Amino acid sequence: MITKQLAEQIVQQTMLRLHRNINIMQTNGVILASGDKMRVNRIHEGAIEVARTKSPLWITKDNNHLFPRTKPGINLPIFFQEDLVGVMGVTGEPQEIEEISKLVQLTTEMMVHQALIVSEREWKRKIQELVFEELMSGQPIQKYLQERLNKIGFQNKAPFYAMMLEVDPESSSYQNIIEQIEFYLETDSILVGHYQASEHFILISGLDQETFSRKVSLLADKLTKYYSISLGLGREVANLEQVHYAYHTAKLAHQYGNPNKPIVSFEEVEIYSLFKSKEAFEIQTYTERLLQHLDSKLQLTLQKYFESNLQQGICAEDLGIHRHTLTYRLNKIAHLTGYNPNNFQDALALQLALLLKD
């Protein structure tokens, strides 16, 4: 239904342009807003008739007596998605304002449509956020929660994937980012919304791994084309009771992953998160002992070497250096640290040091 605030906005905007009195009424005939403030909250008999017939009504001097306390004018129904949501009236001689009233009706329905679509979207998002908070408790799914899920069209169908991204709700790009996510994934079973501080969640159900990976990759491409954000992907889970774990791992992926990567999965940072979450003196000692003699160039070389899965040809190409230069650097790392990057056990120790390094 049309709110009083929306009705006042419609009256204000249309009267500025038309210089005619406009009334916006509820379907029960109560005047919500009017250019004539004395008429607000009164009953408009003509509006009741329009609501009953869902058809336009001309009030003239000839039939004015049938509609007490009304003035001559044209009263028209306001529809939203084929439902009657209100009645609008333009005061004046009907023959003189016929064309104007049609224009006002069209403008009014457009404003109502936009406002109700936005409020409907906000309502749905709020419900999604409430549902997600319930899911984060990890408790068994209660009947009322399942009813809410059904109401917003979210399927309780495995598998479930959770993602996390950081967006400042006060930023100018906030609304655009959330709307792009909702638009791109609108055909899927999803929950999207704000969780804590600048955290935002995306929960998807019922997609196979290949389809999910493809969709997320395309979504990340679209978002990072205009915005500097990174998506943390949590572990896939088999039921709604495990969603809190999926989201927790998504947060870890976002927290410990490379912020310059559009997508970071939990698998990439799992080992790192096991250690990084423990602020221990031993960890600092360990990283300093292994890396203190390596300058930034050698540390980058080591990082790229591990990212290349110890394949020297790929690593040299990625770094833009000759393979012999890479061999020289790896030998130098082995000499300075006492750990050979080409040896599995030594490589593991060096990689952990890099991962644990602040």
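The values are calculated or read from the model by the stated rules, or taken from the named source; none is laboratory data. Since the model is a prediction, treat every value here as computed from it, not as a measurement. Note that each Cβ is placed from the backbone with ideal geometry, even for glycine, and that neighbours are counted across all protein chains shown. Note: areas computed on protein heavy atoms with side chains; ligands, DNA, RNA excluded. Shrake-Rupley method; radii C 1.70, N 1.55, O 1.52, S 1.80 Å.
Side notes on the structure shown:
- GLU288 satisfies every condition listed in (1) crowded, with 17+ Cβ neighbours inside 10 Å; (2) in a helix (DSSP H, G or I) except (1).
- Restricting the range 93-123 to residues that are within 18 Å of LYS54 (Cβ to Cβ) and open to solvent by 40 Å² or more (accessible area, probe 1.4 Å), the residue that is farthest from the chain's Cα centre (by Cα) is LYS102.
- The set of residues in the range 348-357 that are in contact (Cβ under 8 Å) with a residue 24 or more places away in the chain, farther than 14 Å from LEU298 by Cα and in a helix (DSSP H, G or I) comprises ALA349, LEU352, LEU355, LEU356.
- Looking only at the range 12-29, and only at residues there that are under 37 Å from the mean Cα position of the chain (by Cα) and modelled with pLDDT of 90 or more, the one that is farthest from ILE74 (Cα to Cα): ASN28
- Search result, residues across the range 157-190 that are out of contact with any Gly (no Cβ under 9 Å at 6 or more places or on another chain), open to solvent by 70 Å² or more (accessible area, probe 1.4 Å), assigned to a loop (DSSP other than H, G, I, E, B) and under 17 Å from GLN128 (Cβ atoms): GLU186, THR187
- Scanning the range 291-311 for residues that are open to solvent by 20 Å² or more (accessible area, probe 1.4 Å) and touching a residue at least 40 places away in the same chain (Cβ under 8 Å) yields HIS293, GLN299, GLN303, PHE306.
- Scan of the range 69-85 for residues that are hydroxyl-bearing (Ser, Thr, Tyr) and open to solvent by 50 Å² or more (accessible area, probe 1.4 Å), ordered by number: none
- Failed criterion for VAL50 (all others in (1) within 42 Å of the chain's Cα centre (by Cα); (2) over 21 Å from LEU103 (Cα atoms) hold): (2)
- The range 318-343 residues that are open to solvent by 60 Å² or more (accessible area, probe 1.4 Å), paired with ones that are not in a helix (DSSP H, G or I) (beta carbon under 8 Å, 6 or more apart): ASP318/SER308; ASN342/LEU310
- Top-ranked residue of the range 16-68 - restricted to ones that are more than 17 Å from PRO94 (Cα to Cα) and of a type in the set (Lys, Arg), ranked as surrounded by the most Cβ atoms within 10 Å (Cβ to Cβ): ARG39
- When residues of the range 205-237 are limited to those that are in contact with a Ser or Thr (Cβ under 7 Å, 6 or more places away or on another chain) and at pLDDT 90 or above, the one most open to solvent (accessible area, probe 1.4 Å): ARG235
- For first residues located in the range 136-163 and over 20 Å from GLN196 (Cβ atoms), partners that are exposed (fewer than 11 other Cβ atoms within 10 Å of the Cβ) and lie 6+ apart or on another chain with Cβ distances below 6 Å form the pairs ALA158/ALA238.
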